[in-house]
Structure formats: C-alpha cells, structure tokens
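Below is one structure, written out as structure tokens; the observations come after it.
Every number here is computed from the coordinates shown, using simple stated rules; none is lab data. What you see is a predicted model; the values in this text were computed from it and never measured. All Cβ positions, even for glycine, are placed from backbone atoms using ideal geometry, and neighbour counts span all protein chains on display.
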Amino acid sequence: MKSVKVNNLEETEKLASTIADKIKDCGGLFCLYGDVGAGKTAFTKFVAKFLNIQEKVTSPSFVILNEYHSGDVHFYHFDLYRLEKEGVNSIIDELKEYTENENSAVFIEWAEFSDNQLPDDRMEVRINYIDENKREFIFTSFGQKYEKLLESLDTCIF
C-alpha cells in the first residue's frame with residue numbers, strides 16, 4: 001500500500017502521467033473508490049490524456065461503460081454506481097474479458113459496488129478528499145504486476 005498526497009490539480013495530473021507511462025505497454029485494471037467529488041473521473045481523464053486518447057473522456061455514470069480506442073491502449077471506463085447487485089452480475093464476465101487483454105486499460109469507478117467479484121490482479125485506488133484542491137491517493141496492489149507499479153510510484157515526487 002502506498003499513499004500519495006497531491007496539493008492541486010497539476011500534481012494529480014503528474015500522478016496520472018506516471019500511471020499512464022507505466023501501463024502503456026501492458027495495460028491494467030484500476031478500481032477507484034471515493035466519495036462523490038473525490039476526483040475519480042478527473043484522475044481517469046488525466047490518465048486517458050497521457051495514453052493519447054483522442055476522444056473526449058466523460059463520466060459513464062448513466063451508460064455504465066465508455067470505450068475509447070484512439071490511444072496507446074484500448075481504454076474502458078466503467079461506472080458501477082447505478083447498478084444493483086443483479087446489474088453487476090450481468091456485466092462481470094464482460095468486465096473480466098476487458099481486463100484479460102494486455103492492450104487494455106480498465107478504470108472502474110465505484111468499484112465497491114462490484115460485490116467483491118473483481119479480478120484478483122488489480123490496483124485499487126482510494127481517493128480521499130482533503131479540501132477543494134488537495135487529495136490523498138491510496139494505492140493497494142493485488143498481483144505481481146501491480147506490486148511493480150506500486151514501487152514505481154516512488155519516483156512520483158511533488
């Protein structure tokens with residue numbers, strides 16, 4: 001587990017750039033947790049920017065999934081907030097398929113609604129709201145690939 005505190009949007013962008021750089025060649029699954037307004041979508045948009053996604057990245061709150069195929073990897077942005085348990089069950093196999101492709105980056109907002117059905121290999125990112133500008137990102141890795149990614153965050157110093 002690693003905690004990274006950011007003091008402004010520029011530092012959040014730098015953190016997202018570090019993550020994007022590490023997943024350009026191998027993809028990844030990122031499960032995002034945090035209250036409304038914590039910055040889950042903003043962080044996801046920044047990562048997409050640094051993966052050279054050309055489309056406008058928007059929150060998938062009402063559509064559950066947005067797909068982007070114009071960048072360095074296929075980018076899948078899920079939002080589980082509006083799904084009931086049955087709804088999550090109906091997409092969990094599809095979600096797992098997306099994560100099996102090494103040329104895909106999958107970001108899941110409101111991952112706590114997954115009913116613990118997420119793939120074993122993943123990075124969990126809890127975003128804590130400190131004030132209007134400051135956030136704390138707590139990264140927890142599951143699997144060797146994500147442990148290496150976690151170690152690489154040591155180079156992200158503000």
*Of all DSSP beta bridges in the chain, what percent run antiparallel (nearest 5)?*
55
*Filtered trypsin sites (Lys or Arg not before Pro), region 1-82: DSSP coil and at most 12 other beta carbons within 10 Å*: Lys56
*Give me the number: length gained by fully extending Ser70 to Glu136, i.e. 0.36 nm times residue separation minus the C-alpha to C-alpha distance, one decimal in nm.*
20.8 nm
_region 34-107, Cα convex hull volume normalised per residue, Å³_ = 89
_Amide H within-cut-off set for Gly71, under 5 Å, with H built and near neighbours excluded_ = Gln54
*In region 45-130, which GluC sites (Glu not before Pro) are in a loop and have at most 15 other Cβ atoms within 10 Å, using DSSP for the loop call?*
Glu55, Glu84, Glu102
*asked:* If you filter region 43-121 for chymotrypsin sites (Phe, Trp or Tyr not before Pro), then keep DSSP loop positions with at most 11 other Cβ within 10 Å, what is left?
replied: Phe62
*With the radius of gyration and the Kirkwood radius both derived from the Cα set of the chain, what is their ratio Rg to Rh?*
0.93
*Hey, which of these cross-link pairs are over 23 Å Cα-Cα: Lys5/Lys56; Lys22/Lys96; Lys56/Lys145; Lys14/Lys45; Lys24/Lys134; Lys5/Lys96?*
Lys5/Lys56; Lys56/Lys145; Lys24/Lys134; Lys5/Lys96
*asked:* Can you compute 3J(HN,Hα) from phi for each residue in region 120-134, using the Karplus curve 6.51 cos²θ - 1.76 cosθ + 1.60 with θ = phi - 60°, rounded to whole Hz and x for Gly and Pro?
replied: 5, 8, 6, 10, 9, 10, 9, 10, 9, 6, 9, 8, 3, 10, 9
